[in-house]
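Structure record follows, encoded as structure tokens.
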Amino acid sequence: SLAASPVNYRPGPGTDLTGVRIGVPRTYYFDHVDAEVEAAVRHAIGSLQALGARLVEVDIPMTRYIQATQWGLMVPEATAYHEATLRTVPELYQADVRVLLEAGELMPAGDHLRAQRARTLMGQEWTRMLRDVDLIAAPTLPATAVEAGQETITWADGTVEGVSDAFVRLSAPANITGVPSLTVPVGHDTAGLPIGMQLMGRPLEESLLLRAGHAYEQTRPACELAPAAPAPDATHRL
């Protein structure tokens with residue numbers, strides 16, 4: 001049989017996104033997000049619209065199951081991967097990582113199977129959503145880097161969230177469903193720490209993802225995309 005021709009993923013020099021439908025989440029991705037992060041990402045989404053993209057509000061499916069599915073998949077699989085070293089040289093692991101991996105040994109197989117089923121259903125729902133839009137634009141992380149040793153984030157409504165939970169929350173849907181995701185820099189907070197916007201698209205349509213990300217980056221001065229000068233206290237951050 002004839003070998004398939006290689007796909008050229010290198011985006012062209014143009015910035016025209018006319019006809020590209022950008023999904024802007026009404027749910028999940030802007031819940032419990034730092035105000036500076038949200039402002040920067042929404043401004044970046046406005047830049048995509050200025051390049052010709054059409055913005056479409058979307059509801060992210062099965063949001064109540066995302067966190068449980070993420071941990072139900074990740075923890076036992078990580079434990080299985082680290083099983084040999086965890087049992088022979090556990091002192092190589094930091095306490096928080098070791099406890100998480102040890103917890104994976106206690107997770108029932110039924111919970112892992114339910115997470116697998118939830119992943120299948122979630123993937124099907126994302127496939128349906130991505131029939132109505134070409135890309136989803138959202139924050140990459142809900143906050144910029146926290147202080148070294150900080151274990152929780154307290155949101156404006158008083159909700160307290162673990163840093164680990166917060167920093168995997170917005171990447172979880174792409175990890176679960178397998179949709180391609182690209183993050184692009186969209187600015188810095190007042191402390192000079194970088195903020196990212198993720199673009200997610202349909203599998204095997206990565207060329208559109210790269211085209212949109214490249215088009216956005218061409219609208220930004222090089223000095224804005226480069227790392228900012230560190231704030232006085234930035235050396236204490238991760």
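The values are calculated or read from the model by the stated rules, or taken from the named source; none is laboratory data. Just so it is clear, the model here is predicted, and its values are computed rather than measured. Backbone-built Cβ (ideal geometry, glycine too); neighbour counts: all protein chains shown. Surface areas here come from the heavy atoms of the whole protein model, side chains and all, with no ligands, DNA or RNA. Shrake-Rupley method; radii C 1.70, N 1.55, O 1.52, S 1.80 Å.
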> Is there any pair with a first residue in the stretch 93-112 that is surrounded by 15 or more Cβ atoms within 10 Å (Cβ to Cβ) and a second that is assigned to a loop (DSSP other than H, G, I, E, B) whose Cβ atoms are under 9 Å apart and which are 6 or more apart or on different chains, and what are they?
Replying inline: 101/93
> Yes or no: residue 169 out of contact with any Cys (no Cβ under 9 Å at 6 or more places or on another chain), surrounded by 18 or more Cβ atoms within 10 Å (Cβ to Cβ) and of a type in the set (Lys, Arg)?
Replying inline: yes
> Can you pull out the residues in the stretch 20-58 that are open to solvent by 60 Å² or more (accessible area, probe 1.4 Å), free of Cβ contacts under 8 Å to residues at least 40 places away in the same chain and assigned to a loop (DSSP other than H, G, I, E, B)?
Replying inline: 26, 31
>> Within the stretch 172-183, take every residue that is farther than 15 Å from residue 72 by Cα and of a type in the set (Ser, Thr, Tyr) and give me the one that is least open to solvent (accessible area, probe 1.4 Å).
In response: 181
> Exactly one of (1) among the β-branched types (Val, Ile, Thr); (2) at pLDDT 95 or above; (3) assigned to a helix (DSSP H, G or I); (4) in contact with a Leu (Cβ under 8 Å, 6 or more places away or on another chain) is unmet by residue 120. Its number?
Replying inline: (4)
> Can you list the strands (runs of 3 or more DSSP E) found entirely within the stretch 126-212 that contain at least 3 residues being more than 11 Å from the chain's Cα centre (by Cα)?
Replying inline: 152-154, 160-162, 181-188, 194-201
